[in-house]
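Report on the structure given below.
The values are calculated or read from the model by the stated rules, or taken from the named source; none is laboratory data. Model, not experiment: these values are computed from the prediction. Quick reminder, even Gly has a Cβ in these numbers, built from the backbone with ideal geometry, and neighbours come from all protein chains shown.
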Amino acid sequence: MEPTCRLYLITPQVLPPGFPDLLAAALDAGDVASLQLRLKDASPDAIKRAVEALMPIAHARDVAFLLNDDAALAASLGCDGAHLGQTDGDHEAARKLLEGKTLGITCHASRHLAMQAGEMGADYVAFGAFFPTLTKETVHTAEVELLAWWAEMFEIPSVAIGGITAANCALLVRAGADFLAVVGAVWNHPEGPAAGVRAMNGAIAAA
């Protein structure tokens, strides 16, 4: 049986040396539904090189490969889809561009933005931040009730993001999150990324 909540892994903003090996070890350690390449300050050429290095590692393990922020680049590089923030271009144009591929939309803590994204054809909506996070500045804080409301009202999957760890994720799983998006919980795990994936999957299963 497929787990009801799965791990959605996001790369560090700057890839450390030897990252392809770290990624392979992480993906081999347990269930990961998708990998989002999130290199905020990288040039299109650097992103292209990263996609060429990392996407085959994900695909060899049946992990979907998504690109952050840029639907056109995601389409041109053959990614499985894109994740867009509220200010990342025209979402409707991105939906057409990524026909048959995954489009995820950041909806912060807003029911209205999430319903808009759903009507426009998003494949998932992302809510957060649920907990304090060092990965990016927290402008919007989401309540756990938002996940429960969405799960009850809509069939489009939800992704919870923001400061999620093995220690605090149970509430989100029980509320109905379909995916937990993590960065630090895996890449900054004291025993390495593989241990981070194992810990997250263990916590999801235990919730």
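Restricting the first member to region 22-50 and to residues that are in a loop (DSSP other than H, G, I, E, B), and the second to residues that are small (Gly, Ala, Ser) and modelled with pLDDT of 95 or more, the beta-carbon pairs closer than 6 Å and six or more apart or on different chains are Ala29/Ala194. Note on region 172-203: among residues that are farther than 26 Å from Glu143 by Cβ and aliphatic (A, V, I, L, M), the one that is surrounded by the most Cβ atoms within 10 Å (Cβ to Cβ) is Val197.
For region 128-169, filtering for residues that are surrounded by fewer than 18 Cβ atoms within 10 Å (Cβ to Cβ), under 21 Å from Ala203 (Cβ atoms) and of a type in the set (A, V, I, L, M) leaves 5. Among the residues of region 172-204, the ones that are touching a helix residue (DSSP H, G or I) at 6+ places or on another chain (Cβ under 6 Å) and without any contact (Cβ under 8 Å) to a residue 40 or more places away in the chain come to 4 in all.
If you go through region 103-117 and keep only what is over 24 Å from Leu9 (Cβ atoms) and either crowded, with 19+ Cβ neighbours inside 10 Å or of a type in the set (Val, Ile, Thr) (or both), you end up with nothing.
Looking only at residues in region 22-58 that are over 17 Å from Val186 (Cα atoms) and among the acidic types (Asp, Glu), the one that is surrounded by the most Cβ atoms within 10 Å (Cβ to Cβ) is Glu52. Restricting attention to region 59-102, the residues that are surrounded by fewer than 17 Cβ atoms within 10 Å (Cβ to Cβ) and either in a loop (DSSP other than H, G, I, E, B) or of a type in the set (D, E, K, R) (or both) add up to 14.
Taking region 116-130 on its own, how many of its residues are within 10 Å of Ile161 (Cβ to Cβ) and not in a loop (DSSP other than H, G, I, E, B)?
Initial filter on region 116-130 (within 10 Å of Ile161 (Cβ to Cβ)): 126-130.
Now drop any that are not not in a loop (DSSP other than H, G, I, E, B), which leaves 126-128.
Final tally of qualifying residues: 3.
Residue check: Pro132 meets all listed conditions (1) more than 19 Å from Gly81 (Cβ to Cβ); (2) touching a helix residue (DSSP H, G or I) at 6+ places or on another chain (Cβ under 7 Å); (3) without any contact (Cβ under 8 Å) to a residue 40 or more places away in the chain; (4) not β-branched (Val, Ile, Thr) but one, namely (2).
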